[in-house]
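Presented below is the structure to which this report refers.
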Amino acid sequence: MGGRAIIVSIIMGLASFIPIHVYGESSSPVGQFSGSHHHRDQMRKLQSFKASFLRRDLISLPPSSVSPSPSPSVAPRPRVYHVTSYGGDPTGKTDSIDAILGAISDAFQGPSDGFLMAGIVNLGGAEINLEGGTYTISRPVRFPTSGRGNFKIYGGTLKASDNFPIDGYLIDTSVSSANNEEYNYEYLTLRDLMLDSNFRGGGIQVINSLRTSIDNCYIAHFTTNGILVQGGHETYIRNSFLGQHITAGGDPGERNFSGTAINLMGNDNAITDVVIFSAVIGIMVSGQANILSGVHCYNKANGFGGTGIYLKLPGLTQTRIVNSYMDYTGIVAEDPVQLHISSSFFLGDAFILFKSINGIMNGVNVVDNMFSGSGNGIGIVQLDQTNGPFKNVDQIVIDRNNVKGMNIKATIARRSLQRTGSTWTVDFNPTLLFPNLITSVQYTLSTTGSSFPNHALRNVSNNCVVIESDMTIPASLFVMVDQGVSS
């Protein structure tokens, strides 16, 4: 149609250039066309040509119709599932468990982006948004199927109802039946949540999952575990707060605190920048190759039977505790093997206790820590040999710790004395950790007299070093002993 309109315009333009001949004979008045009939004939022919062209053009046109606009493309649906859209009550007045499970079910059936680990469907970052509400639930939040990954639950509060199972967890990644996959879930994120167990069970249970992140969570009122990690690999707990009772220390009911804030029963996990303010055990570790960093434990004082960190994996500890704050509560390790504790602060007579199960201690470093106490003679490191003495002791370094108001204990000790005599005895029992165990001695004997005595190390039993010379001399003696390396 547009092309034909252009042709008509061109013809009309050409018509304006058709010559009109004027004959100016002397007998004609000025302004008269002598060829007026010729002119009219030319105009009639032009109009007839135009009319015939337009008729042909109109005949060739299809019937007038409005072209349908193309149907708009359907926009991809966001992978954010709002719990209130499924009937969740953000005021907490009614039970919202079905709404939460409905949102999760849709997320698990939504679009995916291939696979993560074998058998783990990549949900592409699907989100269960709690929208800042408080949701009461009467049973645990369990996922409808295993084998999903890359999804998140965040942004609100979950509270156990008064009839919530007393052995349940608010969020539970266990599966009802065994599967053949190596892991149940991968890359699950639980973030910006407050979990109130209402003194009925626990907070979060992570079972056989890979790369789980628990970030910025507040977990309270648990009776079993605030967080339980069992099996799996690489659960990272960070920037979170846990306590059975909401308190900031000095609670009159502290003697009755129970439960465990974090229970690690798996390998290769990390706890970073976490505060534990009430529980009988702050962190229980029974899996290898875990790291604890920036942990502040004031869950229950030693004097009330509390323990900040309990390492219950005798014979293969493989745990690192660094940059942490043990506030009136200490660390217990059973038969520690490959344990590193450094750059941490122990306040209020908090100490480290090594407990003999099979009498093994190997590859232990306790270095560069600060201890502060009340002056009651509490040792910074102690041994529990109720089940038998430590017999297999090797590569132990307890040294370079600074102490105020407590008794220093170490595996490396140094002493010096000055006096005249032929026998010098240096007692290291106030400092050395292990009884009757000195594996190496270095000493220097110098005298101000003119004689040149012979001298030798005579005895190291009962942690006492005896040096003798063949004559009486005024002497200065420096001795360094080590318990940490087997002979």
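Which FRET efficiency value, to the nearest 0.05, do you get for residue 457 and residue 118 by plugging their Cβ-Cβ distance into 1/(1 + (r/R0)^6) with R0 = 41 Å? Present the calculation step by step, with values, prior to reporting the outcome.
Values: r = 63 Å, r/R0 = 1.53.
With R0 = 41 Å, the Cβ-Cβ based efficiency is 0.05.
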Original post:
Which order do 423, 189, 173 fall in if you start with the one that has the fewest other Cβ atoms within 10 Å?
Top reply: 423, 189, 173
Subject >> Pairwise FRET efficiency - residue 322 versus residue 267, Cβ, R0 = 25 Å, nearest 0.05 >> reply: 0.85
Original post:
Given the Cα-Cα distance of residue 338 and residue 163 and 0.36 nm per residue of separation, how much length would full extension add, in nm?
Top reply: 58.6 nm
Subject >> Computed E for residue 376/residue 345 - FRET, C-beta separation, R0 22 angstrom, nearest 0.05 >> reply: 0.75
**OP:** Would you mind classifying the stretch 412-482 by shape? Square roots of the alpha carbon gyration tensor eigenvalues, ordered a ≥ b ≥ c; an a/c under 1.5 is rounded, otherwise it is prolate if a/b is larger than b/c and oblate if not.
**Re:** prolate
Original post:
Name the trypsin sites (Lys or Arg not before Pro) in the stretch 78-181 that are in a loop by DSSP and that have at most 12 other C-beta atoms within 10 Å, would you?
Top reply: 93
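Please give the contour-minus-distance gain from residue 247 to residue 419: 0.36 nm per residue of separation, less the Cα-Cα distance, rounded to one decimal in nm.
Details: separation 172, 0.36 × 172 = 61.92 nm, distance 5.67 nm.
Residue separation times 0.36 nm, minus the Cα-Cα distance, leaves 56.3 nm.
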Original post:
Order of 186, 131, 234, 334 from fewest to most other C-beta atoms within 10 Å?
Top reply: 131, 234, 334, 186
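Bear in mind that the values in this text are calculations on the coordinates, not laboratory data. Being a predicted model, the structure only gives us computed values, none of them experimental. We place every Cβ from the backbone using ideal geometry, glycine too, and count neighbours over all the protein chains shown.
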